[in-house]
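Everything on this sheet refers to the single structure shown next.
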Amino acid sequence: VDMKQQQALELNDEEKMVSSYWTVFADRKTVVLCLTGFFFHFANANVLLVLGELMGGDNDDGSVKRSAIPLIASAIVLAQLTMSGATYVGDILTKRGYGRKPLFLAGLLTLPIRCALIILWKDAGESWLLSTQILDGLGGGLFGLLHPYLVNDIAFGSGRFNVLMGLTASCFGLGGTLSNLLGQIVVEKMGHVASLTGSLLLSVIPIVLFALCMPETLGQRGKSIQQPVTGNGQLV
């Protein structure tokens with residue numbers, strides 16, 4: 001009986017050491033990060049599809065160009081290679097004490113520049129269009145690197161890191177899904193430039209939102225989340 005009582009007390013203590021879901025989800029940083037990621041992916045996901053359609057295109061007789069598949073593959077590979085480099089450099093800067101906010105904003109800023117360049121270079125040739133994928137890699141690399149850092153800063157000490165990673169990733173995925181769906185509808189109805197212009201305008205939202213509403217989280221781990229307590233009422 002004593003052993004069972006001891007186990008029950010230990011379990012009760014563990015439960016008290018975990019912050020409630022509402023405490024974590026209602027934190028301002030959580031809301032800002034979810035909305036920022038949603039709008040970033042809402043603006044971003046469709047851009048690669050439009051870029052592929054602009055680079056691939058059709059021949060004058062309506063047949064698909066033979067260069068379409070290699071160009072699209074090159075666009076993906078170029079972005080991934082740049083992403084690897086951006087992740088490496090971003091990791092070095094993070095270890096040297098550079099804040100999360102400026103690095104994350106740098107990643108967000110690549111998207112409107114990329115959209116503007118694609119619109120500007122849409123008739124300049126495949127090589128010019130392909131080069132814009134460097135910006136895609138930079139943005140994706142910094143975003144992907146700093147996402148778990150930001151989540152850890154927000155959820156540290158709450159016991160809710162995994163669930164917050166899931167929440168933010170779900171918001172990002174929803175934004176990307178809607179981007180592909182609505183962006184291609186705009187392409188069908190209004191053309192590629194209109195779709196890219198929509199992405200360009202949307203890409204400003206996460207920049208303004210993150211710049212104005214998200215404080216620097218470096219060195220602030222868990223301070224905005226109610227600290228868990230032990231069974232004796234002591235802060236952990």
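Rundown of residues vs (1) modelled with pLDDT under 90; (2) of a type in the set (D, E, K, R); (3) surrounded by 15 or more Cβ atoms within 10 Å (Cβ to Cβ), yes/no style:
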{"residue": "G173", "(1), (2), (3)": "no, no, no"}
{"residue": "V187", "(1), (2), (3)": "no, no, yes"}
{"residue": "L202", "(1), (2), (3)": "no, no, yes"}
{"residue": "L218", "(1), (2), (3)": "yes, no, yes"}
{"residue": "G233", "(1), (2), (3)": "yes, no, no"}
**Asked** Any residue in segment 118-137 that is closer than 30 Å to T23 by Cα and touching a helix residue (DSSP H, G or I) at 6+ places or on another chain (Cβ under 7 Å)?
**Response** no
**Asked** Does at least one position in segment 118-133 carry a residue that is over 22 Å from S195 (Cβ atoms) and hydrophobic (A, V, I, L, M, F, W, C)?
**Response** no
**Asked** Which number in (1) surrounded by fewer than 16 Cβ atoms within 10 Å (Cβ to Cβ); (2) of a type in the set (A, V, I, L, M, F, W, C); (3) closer than 26 Å to G219 by Cα; (4) in contact with a helix residue (DSSP H, G or I) (Cβ under 9 Å, 6 or more places away or on another chain) marks the one condition that L146 misses?
**Response** (1)
**Message:** Taking the criterion of being polar (S, T, N, Q) and farther than 17 Å from G52 by Cα, would at least one residue in segment 112-131 satisfy it?
**Reply:** no
**Request:** Only residues that are of a type in the set (A, V, I, L, M, F, W, C) and touching a helix residue (DSSP H, G or I) at 6+ places or on another chain (Cβ under 7 Å): list them for segment 164-193, please.
**Result:** L164, M165, L167, C171, F172, L174, L178, V186, V187, V193
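The values are calculated or read from the model by the stated rules, or taken from the named source; none is laboratory data. Quick caveat: nothing in here was measured; it's all calculated off a predicted structure. In this analysis, Cβ positions are derived from the backbone assuming ideal geometry, glycine residues included, and neighbour counts consider all displayed protein chains.
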